[in-house]
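Everything on this sheet refers to the single structure shown next.
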Amino acid sequence: MSGIQDLSATQMTGAIRSGELSAREALDSHIAAIEQRNPAINAVITTDFDRAQALAADADERTARGEGHGLLHGLPMTHKDTFNTGGLRSTQGSLALEHHVPEADDLQIARLTAAGAIRTGKTNVPEFGAGSHTFNDLFGTTVNPYDTRVSAGGSSGGVAAVIASRIQPFGDGSDMGGSLRIPAAFCNVFGFRPSYGVIPMESPVNAFSWLGRSGPMARTVEDLALFMRASAGPTRLPNPSPLQGADFGTPLPDLRGVRIGYSFDFGIGVPVEPEIIEVLRGQLAVFEEAGAILEEATIDFTDADEVFQTTRAFDFATGIGPLLERFADVIKPEVIWNVELGLNLSAAAIISAHAARTRLEHASQQFFDRYDAFLSPATQVLPFDASWRWPQEIAGTQAETYLDWMRSACLLSAASLPVIAMPAGFTGAGLPVGWQMAANHYRDVDLLNWAAAYEQATGFAARTPAILD
């Protein structure tokens, strides 16, 4: 099993297409890994093995007949439980949706399936994806494969944990306030939040919603690109993306001449734990040795908090608000608070947030007139005690809400930029630390190339977690 489970998605799908590995062998290895490793991390919370075995057999028969193959032909994978999966329970981690079985797949899942991926189950999330720590009253807490006493992050915490645990090579996630980047940093994998609309994330109640994104997590940048090839494409969104799946080829690692502005506090005094800064500061030389030009500089994030908080509150009110009338007694207080914040927004607050977003966009473009990328800490805290709901203190600063410790990610969400979280090393105690690197709108391909160069120079994601020791 271990040999198959160490393969990247690119390697595994290549082996299945060539006949070197059968889809059934890949699936059997994947299921065995779930059964052996998941009890330690509680990441996979629903399984669909009987259907998966039938699909794997069909994939092998098509291989034998020499029929055409999708990009992900025969690849077994679980899906994040915030995505609807047709015919399979999809709860969003909430008792309010405990018995919800959708009729059809969300677009993201449908595209992966069309590319040949084989659904094997669902991974855990915080309730309604709210908060970057994966726990809920339905399935309990997902813990970190590198230290099972601490958080795996969230909301894509279950995805990050199964990837780090070598249960599967990559997975689908989503990111409003760091839900791809924070668990990626906590679990020593890559998480990619694409530009708006590159992977359509359609809202049934607000076609103009822009803050949340669908995106991949993986142990290699090459696998991120593979996921993008299978998932990016035509959209029904009102502002279509200029990027398509074919734009994402195999990354070309290159940082030569790339102008990078970096900041550890985002220029506005964002608190970050000193141990994180110490690890990241020691990594700056890697970028310079790879040919990048580094300067301490930042986007002006003065307006970003207002943009994020108001937009998120509005989105929570439109998306989750209708459920409060029926299920307020079982929905966690943090979600109720965020929904009520949105329901109570005044016209003046909404107008102010739109003006603030305009100023933030101008500030971003002023930064990108001088730099190609912005580099910063992916998280403000190290993976924390998994029994906590959220950190009450960040580097000596008291947290006032459940969002405060996620601010490093939220600021870049507010700017609507493509961002990648990258493994950046470990503390003395062996806890993972991560960078996040942002580029201007729709420079997603360049961003993956730059991340691939850093990956090539460091190789941190190859370090296996404690549960595999």
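Things worth noting here:
- Entirely in the range 64-166, the strands (runs of 3 or more DSSP E) that have 1 or more residues that are open to solvent by 10 Å² or more (accessible area, probe 1.4 Å) and among the acidic types (Asp, Glu): 147-151
- Selection count where residues are among the small types (Gly, Ala, Ser) and closer than 19 Å to Leu180 by Cβ, scope the range 116-145: 5
- Qualifying positions in the range 452-469 - under 18 Å from the mean Cα position of the chain (by Cα) and open to solvent by less than 20 Å² (accessible area, probe 1.4 Å): Ala452, Ala461
- Counting the residues of the range 392-451 that are charged (D, E, K, R), open to solvent by 10 Å² or more (accessible area, probe 1.4 Å), part of a helix (DSSP H, G or I) and within 29 Å of Leu226 (Cβ to Cβ) gives 1.
- The lone exception for Ala23 - which of (1) open to solvent by less than 20 Å² (accessible area, probe 1.4 Å); (2) at pLDDT below 95 it fails: (2)
- Residues (of a type in the set (Asp, Glu) and modelled with pLDDT under 95) located in the range 298-344: Glu325
- A search for C-beta distances below 8 Å between a residue of the range 358-370 that is within 15 Å of Pro418 (Cβ to Cβ) and any residue that is among the polar types (S, T, N, Q) and open to solvent by 20 Å² or more (accessible area, probe 1.4 Å), counting only pairs 6+ apart in sequence or on different chains, returns Ser364/Asn440; Gln365/Asn440; Phe367/Thr298; Phe368/Asn440.
- Hits in the range 64-115 - residues which are aliphatic (A, V, I, L, M), modelled with pLDDT of 95 or more and closer than 30 Å to Gln11 by Cβ: Leu71, Leu72, Leu75, Met77, Leu88, Ile109, Ala110, Leu112, Ala114, Ala115
The values are calculated or read from the model by the stated rules, or taken from the named source; none is laboratory data. Keep in mind that what you see is a predicted model, and the values were worked out from it rather than measured. No Cβ is skipped: glycine too gets one built from the backbone with ideal geometry, and neighbour counts run over all protein chains shown. For the accessible areas, the whole protein counts, side chains as well, though only heavy atoms, and no ligand, DNA or RNA atoms are used. Shrake-Rupley method; radii C 1.70, N 1.55, O 1.52, S 1.80 Å.
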